[in-house]
Amino acid sequence: MALRTFLLLLLLLAAALLITQAQGIGSSASDCCLKHSQKAIPSGVVTSYRLQGPESGCLLDAVVFTTKRNRKICASPTDGTIQKLMQHLDKKAKNDKNKKKGQTQRPRGRAKKQRRQQV
């Protein structure tokens, strides 16, 4: 009798697991792009991007740009202007990283003279 109860509980647990997997609970596919935007994306409003594809659990290959207002824009990764925008963001990120490394060095040039306060 105990074996039957155990097998029944095991079967119920397996069924619950399959149902949650079928509903997509716990998967990262919940924020996938479903289509590409056809509008031009100005480079001044975009701060970063990420790639989306089958390896991330999404059906559509896309580039997901994040704007300054934290909005997401989906674009085609094969579009030439999108590839240029991605290269621009990569260069900008590399330059920002180099600037942060350079801040630890002493400042160049003369320091401003401080005025003495007269008492």
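A short reminder: the numbers here are calculations on the coordinates, not readings from a lab. Keep in mind that this is a model prediction, so the values were computed, not measured. Positions of Cβ are generated from backbone atoms using ideal geometry, with glycine treated the same way; all protein chains shown enter the neighbour counts.
A few points about this structure:
- Summed side-chain charge close to GLN87 - residues other than GLN87 whose Cβ falls under 14 Å, Lys, Arg +1, Asp, Glu -1: +2
- Packing-based exposure ordering (other Cβ within 10 Å, fewest first) of MET86, MET1: MET1, MET86
- Between ARG4 and ALA40, residue separation times 0.36 nm minus the direct Cα-Cα distance comes to 6.7 nm.
- For a paramagnetic label modelled on ARG71 (point 7 Å from Cα along Cα→Cβ), amide N atoms under 18 Å away belong, within the stretch 45-61, to 45-50.
- For the stretch 31-97, the percent of C-alpha pairs falling in each 10 Å distance bin, counted from 0 to the bin holding the largest distance, reads 21, 55, 23, 1.
- Links that overshoot a 25 Å alpha carbon limit, given the list LYS39/LYS84; LYS39/LYS99; LYS68/LYS91: LYS39/LYS99
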